[in-house]
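**Student:** Next up is a structure, given as structure tokens.
Values in this text are rule-based calculations from the coordinates and carry no lab data. Only a predicted model underlies this, so the values are computations on that prediction, with no experimental measurement involved. Please note: Cβ atoms are built from the backbone with ideal geometry, for glycine as well, and neighbour counts cover all protein chains shown.
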Amino acid sequence: MAPSPKPFGNLTVPAEMTVGEIDEFVDDFAHAASNAHEAGYDVVEIHAAHGYLLHQFLSPLSNHRLDDYGGSLENRMRLPLRVSQAVRDNFPQHKPVFVRITATDWIDGGITLDEARDFARGLAGTGIDLLDVTSGALAADAQPPKRQALNVEFAQTLRAESGIPAAPVGQLSDPELVGTVLERSNVDAVIVGRALLRDPYFALRLLGDHSKAYWPRQYHRAL
């Protein structure tokens, strides 16, 4: 299912969601938030980027609807904001809710930073606790620039515009770079994914010369 029957590349053409299916989708997120709390999770994150369904509704590249969920940015934001509110309402207030937000689709006709600002402001109204700022991955032919700390400036902008704490993700694979971003940028955290898959001790490398006490003892001779 998708907002519109538009495939990603040459993949299967999805079915356009009905309004009833959209309502069920919101309810599913609400139930998922309640289940996460019962399971003992301390934080949940809503993925509204990287070509997932909420991103598809946000982007004019993938959302060609003619009803209340398509067309204007206000309409395209409607479902992601409903989901954000449902999750926040069904997850305890003392536990944070993050949203992974896209700053740009990196292609003409896609989400712009100005639209991302408006969406971030809308998220502030739902009580979201942190913006996990990324970009791209919606259009098969869109190529983000290949540079380190790609989304740091986006995170700073969305933080300033929305008042929500923000953390960039993506192209942050160097422990020294992570430290520099935290020291010199106006962001509240950084989020690291693939670097931890490659190196489960990545976090220990952030400690520099003081890390030895935290490594397993059998590794000390290799440090």
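**Student:** Apply the Karplus parameterisation 6.51 cos²θ - 1.76 cosθ + 1.60, with θ equal to phi minus 60°, to every residue of the stretch 77-92 and state each ³J(HN,Hα) to the nearest whole Hz, in sequence, with x for glycine and proline.
**Tutor:** 7, 4, 5, x, 6, 4, 5, 4, 5, 5, 5, 4, 6, 10, 10, x
**Student:** Okay, next question. Give me the distance in nm between label points sitting 7 Å out from Cα along the Cα-to-Cβ direction at ALA195 and LEU207, one decimal.
**Tutor:** That separation, rounded to one decimal, is 1.7 nm.
**Student:** Ok, one more. Can you list the HN-Hα couplings for the stretch 95-106, worked out from phi with the Karplus curve (6.51, -1.76, 1.60; θ = phi - 60°), rounded to whole Hz and with x for Gly and Pro?
**Tutor:** Values per residue, Gly and Pro as x: 9, x, 10, 9, 10, 7, 10, 9, 8, 6, 8, 6 Hz.
**Student:** Which order, highest average first, do 164-172, 8-16, 27-35, 197-205 follow once you tally other Cβ atoms within 10 Å for each residue and take the mean per peptide?
**Tutor:** 164-172, 27-35, 197-205, 8-16
**Student:** Quick check for me: using +1 on Lys/Arg Cβ and -1 on Asp/Glu Cβ, what's the dipole size of the stretch 1-120 about its Cα centre, in debye to the nearest 20?
**Tutor:** About 220 debye.
**Student:** If we restrict to alpha carbons, what Rg and Dmax does the chain come to, in Å?
**Tutor:** Both quantities, over Cα of the chain: 19.0, 65 Å.
**Student:** Starting at the first residue of the stretch 37-53, write each ³J(HN,Hα) from the Karplus equation 6.51 cos²θ - 1.76 cosθ + 1.60 with θ = phi - 60°, in whole Hz, x for Gly and Pro.
**Tutor:** Couplings: 5, 4, 7, x, 6, 9, 8, 10, 10, 8, 8, 10, 8, 6, x, 5, 4 Hz.
**Student:** Then there is this: Using modelled amide H (1.01 Å from N, peptide plane; none on Pro or chain starts), what sits under 5 Å from the amide H of GLU45, excluding residues fewer than 5 places away?
**Tutor:** Result for GLU45 returns PHE98.
**Student:** Place a +1 charge on the Cβ of each Lys and Arg in the stretch 19-192 and a -1 charge on the Cβ of each Asp and Glu, then give the dipole magnitude about the Cα centre in debye, rounded to the nearest 20.
**Tutor:** It comes to approximately 320 debye.
**Student:** Scattering from the C-alpha atoms of the stretch 103-202 alone, worked out with Debye: what is log10 I(q)/I(0) at q = 0.11, 0.12, 0.23, 0.24 1/Å?
**Tutor:** Here log10 of I(q) over I(0) equals -0.34, -0.40, -1.21, -1.26.
**Student:** Shifting gears a bit: Build a GNM of the chain with springs between Cα atoms under 10 Å: which of GLY125, GLY20, GLY110 gets the top mean-square fluctuation?
**Tutor:** Result: GLY20 has the largest fluctuation of those listed.
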